Amino acid sequence: MNSLIKLALLRILNAAYHWLIRPVVFRLSAQNAHNQAIRLLRALDGLPLAAEMASALHRFTFSDTSTAVGGARLSQRLILAAGLVKGDGFADEEQALRAVSQERNIMPGWRIVPALAGAVELGSFTRFPRLGNPGMVVWRNAATQSTQNRVGLRNPGAHAAARFLGERRRQLPKEYGINIAVSPGVEDIHEQTRHIAESVAFFLDAGVHPTWFTLNLSCPNTEDDPQGHQLGAETRQLCGAVLEGLRARQLHIPLWVKISPGLANEQYRALMRLFDEVGVEAVIATNTLAQPAPDNSAIQAGVGGGELLPAALDAVRQLLAEKQRHGYAVDVIACGGIIDGASLRKYEGLGVKAGQYWSALVYRGPFAAAIIESELAEHDYEFETVKRESLA
């Protein structure tokens, strides 16, 4: 009976968002809607009762889809991808740290989003703060259920983010990831490695021990080359910096790595071999797909959602083939176009055990993960029913 009540509630929530809320949101530009959402998250973070209500809704709407993936045990297989809860941008580290000392909420959604959505990847965080790109940086394409952005890794920097979360570590969720990105524009690999090592150390020193760390090697919406840090020697050095820092503290926090779509077959094969050799426990495939921005073909912006699905599926297929061919101890986590039960089923059919989503929040609402899971479960139930009846 509880499962039937849960399914009925999810259908009501889905219909309410589709017919009542989404039309209002979509009257705003994608950028304006995103800005309004951040303001709402900032306000809700300051209301303890809101977090308690969100947690209650989460417990009632989410089914147990617990899975072991990438060296972690998760209570749900759909994770909110990095990009929403990453914080304000600042011109320099001094400003960011001052904001933390003034007890400002520099990371809107840090409390309310995990309470409602469950597993969340926070970030991306770079070693130093970034203001991000100016002007219009967020778009959507309802026809393909896609989003596009060139926010430009806006974030408060790893030092300020770590201090902010460290001061609230008793209120952090039981399952979350920290996404660390390579520093755009830094060409020297030794300096880049130092940035990565320092970023991880800030979180650990602040007592922030996430369920997993993700090293983001792909930055398609900045001036950085999205494939530049996905070469063998550089990848080995960057991954090694994270793992060395964890081992020095005798911590077993798994390292995941996020990569680009559209890499050459040989590059995917080389990356899987390298990840297995150095001890990376999962690869997230993929980040957004770099395409010309809708209002300026001279600049690139990362596409997610429906338009990313084919490229992400192809990457996942190639990575899993390498895993099976060589027996690599590296899990593949899907990311790209998980909008509904049908898209999740495509990844599941390849052997994926967990996935990340983002654009689904825009098109399916705040209960997107629970709704997608219910659609998949409902399809599986109907399939098994038809199968049994055909065999009777």
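The values are calculated or read from the model by the stated rules, or taken from the named source; none is laboratory data. Bear in mind that the values here come from a model prediction, so they are computed numbers and not experimental data. Glycine also receives a Cβ, built like all others from the backbone with ideal geometry; neighbour counts cover every protein chain displayed. What goes into the accessible areas is simple: the full protein's heavy atoms, side chains included, and nothing from ligands, DNA or RNA. Shrake-Rupley method; radii C 1.70, N 1.55, O 1.52, S 1.80 Å.
Take each peptide in 286-294, 55-63, count the other Cβ atoms within 10 Å of every residue, and average; sorted highest first, the result is 286-294, 55-63. For the chain, what is the percent of antiparallel DSSP beta bridges, rounded to the nearest 5? Beta bridges within the chain, antiparallel portion: roughly 40 percent. With the cut-off at 1.5 for a/c, could you classify segment 112-183 from its C-alpha gyration tensor as rounded, prolate or oblate? Oblate shape, in that a/c is at least 1.5 and b/c is the bigger or equal ratio.
What FRET efficiency comes out for the pair residue 248/residue 92, r = Cβ-Cβ distance, R0 = 30 Å, nearest 0.05? The formula returns an efficiency of 0.55 here. With a ≥ b ≥ c taken as the square roots of the eigenvalues of the C-alpha gyration tensor of segment 156-204, please select rounded if a/c is under 1.5 and otherwise prolate if a/b is larger than b/c or oblate if it is not? Judged from the Cα gyration tensor, segment 156-204 comes out prolate (a/c at least 1.5, a/b above b/c). Rounded to the nearest 0.05, what FRET efficiency do residue 52 and residue 191 have when you use their Cβ-Cβ distance and R0 = 45 Å? Efficiency, rounded to the nearest 0.05: 0.50.
Magnitude of the charge dipole for segment 126-241, about its Cα centre and with charges confined to Cβ atoms of Lys, Arg (+1) and Asp, Glu (-1), is about 600 debye. Each stretch of four or more DSSP H residues adds -39500 (n - 2.57); spread over every residue of the chain, this sum gives -14500 deg cm²/dmol at 222 nm. Between 249, 273, 150, the residue with the greatest mean-square fluctuation in the GNM of the chain (Cα pairs under 10 Å linked by springs) is 249. From the square roots a ≥ b ≥ c of the eigenvalues of the alpha-carbon gyration tensor of segment 222-367, which class results: rounded (a/c under 1.5), prolate (a/b over b/c), or oblate? Cα axes put segment 222-367 in the prolate bin.
Between residue 277 and residue 68, the modelled label-to-label distance comes to 2.8 nm, taking each label 7 Å out from Cα in the direction of the beta carbon.
Annotation for residue 167 and residue 198: the two label points, set 7 Å from Cα along the Cα-Cβ direction, are 2.1 nm apart.
Once the 1.4 Å probe is applied to the protein heavy atoms, the chain comes out at 43 Å² accessible per residue.
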